[in-house]
Amino acid sequence: MSQILVQDELELTVVGTMLLSEGTIGETLQVLAPSDFTLTGARLLFQAMGKLFLAGRPTDELSVVLEAGDDCRPVADLILDNRLWTTDEGLAHYRDELRERSRLRQLRELGDRLSQADTAAGAEAIVAQLNGALASRRETRVVSIQDAVTDFVARLERKPVYLPWGMKRLDEELFAELGDFIILGGYSSSGKTLLSIQFALLMAQTYRVGYFSLETSDRKLIDRTVANHAKVSLKKIKRRTLAQQDYDLIASSATELAKLDLTVVDASGMTVQDIQAISLQQRFQIIFVDYLQIIRDSVADLRQRVTQISIDLKTLAQTHGITVVALAQLSRPEKTQSRPKPPTVQSLRESSQLENDADIVMLLYPDDPDDNGSNRILKIGKNKEGEKLRLELAFDGATQTLTEEEYQFKETDEEVPF
């Protein structure tokens, strides 16, 4: 055969199979894009078949060639003369090979552009594209109602596994799974970091967890983690006024902490793409991000930046099946009769996109706004698959712990200022 066939066998075989077997067009359009083809004629034929197929028009050989134009005729003639096509199994292999070759070409091109970048900002923009290109394209999941119901019945025979929170009401009412996007909102110094640490320590007993700290240094975070886990005064740790009993508790705690699959990442200055790249490299199943509004992004407008960050974190969770628990700052509380009103999901600062994207929204705030040492109220403001609720958490500032109280508020209780 001609040299063109040797060089472009993948592209010609894929397009030829689509051209000679109409039933393969739809599934191939889900996997490949025009940019995956380097041969002009093959790309034109692919685009023509996609246009005709999506419009419900005939995709026979003549119709496709007429739609693609004269520039495709040499390739079309080569395909038709040599009957270049393969079986369904062979097509799946050729598609995968073509997609892989396309990704490699894209990465090489971006690498060349990176080596020629003349500013740090320009290089960072290319790195962001590289991170996106490194994430494999996800196959589209298409399920008939018959298959969905069959799968549902089969799943009823298996006990579901949901993420643990270490609090009775949360474990009963939150059906969080891998791939969910969860927001933990709170005012400054409300305790959202220490609550997220508690959650991370518990989940790391079962899952591979990454904690991305954009605001607090890893050493300070570990100090608070040990105080929480060992139930030792953080002040004593900071002042180094520990008694022998404290050292014993810390030693025992260190042994237990070493068994956890938890990694702390100093994420200062990171973008969502940086967080994604590290998460995929480390194979994290759950990540905590502290906190969302200070993730770096090239968008200048703050509202637009937070909106894009929310969308990107949601996409990261859904695409890769990684649960993302993002901490977020709340707007200053409104006041009623000189008393702050309890926050709602609308209190999430800068963007309503956060509320739209989240599967679960938790809101944490002090029971007494004039006493930062008071107990905390944890309110579930959004719960896509369960009920909303509020519960009271006993706050122990010395050991940096929040503990569920026996008494729980009901969602039907009157919303009173805190």
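Restricting GLN281, GLN285, GLN276 to residues that are without any contact (Cβ under 8 Å) to a residue 12 or more places away in the chain, under 27 Å from VAL161 (Cα atoms) and of a type outside the set (A, V, I, L, M) narrows the list to GLN281. Within the stretch 258-276, the residues that satisfy the criterion of being exposed (fewer than 15 other Cβ atoms within 10 Å of the Cβ) and out of contact with any strand residue (DSSP E or B) (no Cβ under 9 Å at 6 or more places or on another chain) are ALA258, LYS259, GLY269. Does ALA76 qualify as being over 32 Å from the mean Cα position of the chain (by Cα) and buried (at least 17 other Cβ atoms within 10 Å of the Cβ)? For ALA76, the condition - over 32 Å from the mean Cα position of the chain (by Cα) and buried (at least 17 other Cβ atoms within 10 Å of the Cβ) - is met.
Say whether the condition of being free of Cβ contacts under 8 Å to residues at least 24 places away in the same chain, closer than 21 Å to ASP36 by Cα and part of a helix (DSSP H, G or I) is met by at least one residue in the stretch 81-88. No: the stretch 81-88 contains no residue that is free of Cβ contacts under 8 Å to residues at least 24 places away in the same chain, closer than 21 Å to ASP36 by Cα and part of a helix (DSSP H, G or I). GLU89 fulfils the conditions (1) more than 23 Å from ARG103 (Cβ to Cβ); (2) modelled with pLDDT under 85 except for a single criterion, (1). It is to be established whether one or more residues within the stretch 119-128 are modelled with pLDDT of 80 or more and either closer than 30 Å to ASP151 by Cβ or assigned by TED's automatic domain parsing to the domain that holds ALA33 (or both). Yes, because at least one residue in the stretch 119-128 is modelled with pLDDT of 80 or more and either closer than 30 Å to ASP151 by Cβ or assigned by TED's automatic domain parsing to the domain that holds ALA33 (or both). Per the listing LEU184, LEU156, LEU194, the residue uniquely within 26 Å of VAL345 (Cα to Cα) and modelled with pLDDT under 90 is LEU194.
Answer with yes or no whether ILE275 is assigned to a strand (DSSP E or B), in contact with a helix residue (DSSP H, G or I) (Cβ under 8 Å, 6 or more places away or on another chain) and of a type outside the set (Gly, Ala, Ser). So ILE275 fails the test.
Might you let me know whether the stretch 236-247 holds any residue that is in contact with a His (Cβ under 8 Å, 6 or more places away or on another chain) and not in a loop (DSSP other than H, G, I, E, B)? No. One residue alone among ARG73, ARG101 is modelled with pLDDT of 85 or more, charged (D, E, K, R) and within 30 Å of ASP274 (Cα to Cα), and that residue is ARG101. Quick check on the stretch 169-180. Is at least one of its residues surrounded by 17 or more Cβ atoms within 10 Å (Cβ to Cβ), of a type outside the set (D, E, K, R) and modelled with pLDDT under 75? Within the stretch 169-180 (the criterion being surrounded by 17 or more Cβ atoms within 10 Å (Cβ to Cβ), of a type outside the set (D, E, K, R) and modelled with pLDDT under 75), the answer is no, since none of the residues qualifies. Regarding the stretch 247-264, can at least one residue be identified that is closer than 28 Å to SER188 by Cα, modelled with pLDDT of 85 or more and among the charged types (D, E, K, R)? No - not one qualifying residue is present in the stretch 247-264.
Rundown of residues vs (1) in a strand (DSSP E or B); (2) in contact with a Pro (Cβ under 7 Å, 6 or more places away or on another chain); (3) within 20 Å of LEU184 (Cβ to Cβ), yes/no style:
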| position | (1), (2), (3) |
| --- | --- |
| PHE288 | yes, no, yes |
| GLN293 | no, no, yes |
| GLN304 | no, no, no |
| THR307 | no, no, yes |
| LEU316 | no, no, yes |
| ALA328 | yes, no, yes |
| ARG332 | no, no, yes |
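When the residues of the stretch 189-228 are filtered to those that are among the hydrophobic types (A, V, I, L, M, F, W, C) and part of a strand (DSSP E or B), the one that is farthest from MET270 (Cα to Cα) is VAL209.
The values are calculated or read from the model by the stated rules, or taken from the named source; none is laboratory data. The structure displayed is predicted, hence computed values, not measured ones. Reconstructed Cβ throughout: ideal geometry from the backbone, glycine too, with neighbour counts over all protein chains shown.
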